[in-house]
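Structure record follows, encoded as structure tokens.
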Amino acid sequence: MSLPRTPSFRLEGRRALVTGGSRGIGLGCAMALAEAGAHVVIAARGAEAVTAAVADIAGAGYAAEGITLDVTDQAAVRDALKGLGRLDILCNSAGLARHSPALKTLPEDYDAVMDVNVRAAYFLAVGAAHSMQESGGGSIIQISSQMGHVGGIDRAVYCATKHAVEGMTKAMAIEWGPRNIRVNTICPTFIRTPLTEPTFNDPDKRAWIESKIKLPRVAEVEDIMGAVLFLAGDASAMVTGASIRVDGGWTAG
């Protein structure tokens, strides 16, 4: 009898671009891919943070390089993708949130969040797909949110952007499937990072988060890393147009 074998989670020989990869969830994504053997390119707006992240990953013995990139600058994104050469994995972790009650939403805040979370994510995926089809396919991973599946107080704009990411991911998966390009999202709950620490330090907000999460703890960056690794490689070869909710049961009800 010929027994089936588990597909490899290793990523040797593959090149990955991680936007927003210098800190928080993005850094966790970059480290997960690098640990699995991928050559990781970290992109973010802050040159200092990019340099530090690359130094830490390279210092741990993994292959990494960095570029300074504003994902809302379409010309810069096109140039960056051309400069990368082969691209097998895109993990887009760049994102922006400006929360407020819907009745108090400022047009400039709406435009800023839409520009990063929707427009930039859309055209980054398009650019990556152009590169990937030249080398036989690849995996595009959008870091979305649990708020792409539910609503939240003071989060009308943010929810709108993440619902949009979920919709465009499904459409791109249908269109690019014949090119062997897979497109999926990861939808985290609140993750403990330096940026979210003020939220967790607020007793009322922390109580709200803990009331929604069904598991007996809040999420850490490491909780995202397995999902990224799964979607990046051969273990998810038949997974596209899907959403992995790393939300502790928040959206279950």
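Could you please let me know if Thr6 is surrounded by 15 or more Cβ atoms within 10 Å (Cβ to Cβ), out of contact with any Lys or Arg (no Cβ under 9 Å at 6 or more places or on another chain) and within 22 Å of Ser236 (Cβ to Cβ)? So Thr6 does not fit the description; no. May I ask you to verify whether Leu124 is in a loop (DSSP other than H, G, I, E, B), closer than 28 Å to Ala235 by Cα and in contact (Cβ under 8 Å) with a residue 40 or more places away in the chain? Taking the combined requirement at face value, the residue does not satisfy it. Identify, please: which residue in the stretch 178-205 is assigned to a loop (DSSP other than H, G, I, E, B) and within 30 Å of Met132 (Cα to Cα) and is, among those, nearest to the chain's Cα centre (by Cα)? Here the answer is Thr189. For the stretch 1-44, a residue qualifies if it is in contact with a Phe, Trp or Tyr (Cβ under 7 Å, 6 or more places away or on another chain) and of a type outside the set (A, V, I, L, M, F, W, C), and exactly one does: Glu35.
Only one entry of Leu106, Leu124 meets the criterion of being over 26 Å from Gly249 (Cβ atoms), at pLDDT 95 or above and in contact with a helix residue (DSSP H, G or I) (Cβ under 8 Å, 6 or more places away or on another chain), and that entry is Leu124.
Which members of the stretch 177-195 meet the condition of being surrounded by 16 or more Cβ atoms within 10 Å (Cβ to Cβ) and either touching a residue at least 60 places away in the same chain (Cβ under 8 Å) or of a type in the set (A, V, I, L, M) (or both)? Within the stretch 177-195, Ile181, Val183, Asn184, Ile186, Cys187, Pro188, Thr189, Ile191, Thr193 meet the criteria.
No other residue among Glu175, Glu166, Glu197 is closer than 30 Å to Arg217 by Cβ and at pLDDT 95 or above apart from Glu166. Among residues of the stretch 149-169 being of a type in the set (A, V, I, L, M) and more than 14 Å from the chain's Cα centre (by Cα), the one that is surrounded by the fewest Cβ atoms within 10 Å (Cβ to Cβ) is Ile153.
Entry remark, the stretch 1-25: residues being touching a Ser or Thr at 6+ places or on another chain (Cβ under 8 Å) and farther than 17 Å from Ala60 by Cα number 5 in total. The single condition among (1) of a type in the set (A, V, I, L, M); (2) buried (at least 18 other Cβ atoms within 10 Å of the Cβ); (3) part of a loop (DSSP other than H, G, I, E, B) that Ile224 does not satisfy is (3).
Please verify whether the stretch 54-75 includes one or more residues that are over 21 Å from Ser131 (Cα atoms), in contact (Cβ under 8 Å) with a residue 12 or more places away in the chain, surrounded by fewer than 24 Cβ atoms within 10 Å (Cβ to Cβ) and in contact with a Lys or Arg (Cβ under 9 Å, 6 or more places away or on another chain). Within the stretch 54-75 (the criterion being over 21 Å from Ser131 (Cα atoms), in contact (Cβ under 8 Å) with a residue 12 or more places away in the chain, surrounded by fewer than 24 Cβ atoms within 10 Å (Cβ to Cβ) and in contact with a Lys or Arg (Cβ under 9 Å, 6 or more places away or on another chain)), the answer is no, since none of the residues qualifies. Residue check: Glu222 meets all listed conditions (1) touching a residue at least 60 places away in the same chain (Cβ under 8 Å); (2) closer than 13 Å to Thr185 by Cα but one, namely (2). Filtered by the rule that a residue be assigned to a loop (DSSP other than H, G, I, E, B), of a type outside the set (D, E, K, R) and under 11 Å from Gly248 (Cβ atoms), the stretch 206-221 gives Ile213, Leu215, Pro216, Val218. Answer yes or no as to whether Gly151 is of a type in the set (Gly, Ala, Ser), at pLDDT 95 or above and part of a loop (DSSP other than H, G, I, E, B). Judged against the criteria, Gly151 is a match.
One residue stands out in the stretch 35-52 among those that are crowded, with 23+ Cβ neighbours inside 10 Å and under 13 Å from Val228 (Cβ atoms): the one that is farthest from the chain's Cα centre (by Cα), namely Ala38.
All of Leu90, Leu17, Leu81 fail the test of being in contact with a His (Cβ under 8 Å, 6 or more places away or on another chain) and closer than 14 Å to Ala128 by Cα, apart from Leu81.
The values are calculated or read from the model by the stated rules, or taken from the named source; none is laboratory data. It should be emphasised that the depicted structure is a prediction, and the values quoted were computed from it without experimental measurement. Please note: Cβ atoms are built from the backbone with ideal geometry, for glycine as well, and neighbour counts cover all protein chains shown.
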